[in-house]
Amino acid sequence: MSGVTNNRFYGARSWREAKPVVLHPRFFDGFRDFLDGRPFDYRGLDGWPLLDQHRYENGRELAAECRAAGIIVRWGDRKRIPRGLKELVARRARRRAPPRRPIKSASQPRDCRSG
């Protein structure tokens, strides 16, 4: 994993983009491992595909952020994302999204004269 960083995976800009990341099995494992107090095992990740490694780290990072912010998340079933976690991730994705462009006709004055 030398020279490879997690910033190659750009952040989601909507819940639709973020959901597959949060549903990734390794994301769930990382999230649960952090909450359960398991130390980060770098050697255990060595045989994993790069995407799995990143998702595991993403899960641990989000769990740490939740704990630091005082957000309690009980997540027992990987396929059922708790409402509070979904709202947190969706809110973050919306903040990351570029502003919407105005409708073209709304930005230009119209000539309403008849004739």
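The values are calculated or read from the model by the stated rules, or taken from the named source; none is laboratory data. Please read these numbers as outputs of a predicted model, since none were measured by experiment. Every residue, glycine among them, receives a Cβ derived from its backbone with ideal geometry; neighbour counts consider all protein chains shown.
Where in the stretch 1-53 are the helices (runs of 4 or more DSSP H), entirely inside, with at least 2 residues that are at pLDDT 90 or above and in contact with a helix residue (DSSP H, G or I) (Cβ under 8 Å, 6 or more places away or on another chain)?
Answer list for the stretch 1-53: 15-22, 25-35.
Here are some residues: R113, R60, R94, R67. Which one is assigned to a helix (DSSP H, G or I) and at pLDDT below 90?
Among R113, R60, R94, R67, only R94 is assigned to a helix (DSSP H, G or I) and at pLDDT below 90.
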